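> Take a look at the following structure, please.
Readers should treat all values here as calculations from the given coordinates under stated rules, not as data from a laboratory. Keep in mind the model is a prediction, meaning the values are calculated, not measured. Don't worry about glycine lacking a Cβ; one is built from the backbone with ideal geometry, like all the others, and counts go over all protein chains shown.
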């Protein structure tokens, strides 16, 4: 069975943030097809503050959560058999 998952990544550079000097916020949002919007950013370990947002989800955290959720789902499914 094929599944389709949709998400939109939105980012907007401030008028006072030139793109060419790399001194712009990496803060953005992830909007999922179920209606949830999550604040996201590059990790402060990758892009120093204040150009990243410590209070937002970073891609590495999201990947780890997705892998764990998939693993929990697999364990749950195998117990039902």
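> For helix 59-80, what angle does its Cα long axis make with the longest principal axis of the chain, in degrees from 0 to 90 and rounded to 10?
The angle comes out at about 10 degrees.
> Test of understanding: what is the full-extension gain from residue 38 to residue 5, defined as 0.36 nm times their sequence separation minus their Cα-Cα distance?
Between residue 38 and residue 5, full extension yields 10.3 nm more.
> Right, here's the next one. For a quick check, take a GNM of the chain with Cα springs below 10 Å and name the residue from 44, 18, 59 with the largest mean-square fluctuation.
Highest fluctuation among the options: 18.
> Return the single residue from 43, 52, 20 with maximal mean-square fluctuation; model: Gaussian network over the chain, springs between Cα atoms under 10 Å.
Answer for the Gaussian network model of the chain: 20.
> Considering the chain as a Gaussian network with a 10 Å cut-off on Cα pairs, which listed residue, 68, 48, 26, attains the greatest mean-square fluctuation?
68
> Suppose the chain between residue 21 and residue 60 were pulled fully straight at 0.36 nm per residue; how much longer would it get relative to their current alpha carbon spacing?
So the extension gain works out to 11.6 nm.
> Would you please state the base-10 log of I(q)/I(0) at q = 0.15, 0.22, 0.23, 0.25 1/Å for the chain, with intensities from the Debye formula using one equal scatterer on every alpha carbon?
-0.68, -1.08, -1.13, -1.22
> Residues of the stretch 12-37 with backbone nitrogen within less than 19 Å of a virtual label 7 Å along the Cα-to-Cβ line of residue 48, please, listed as ranges.
Under cut-off, by backbone N: 17-27.
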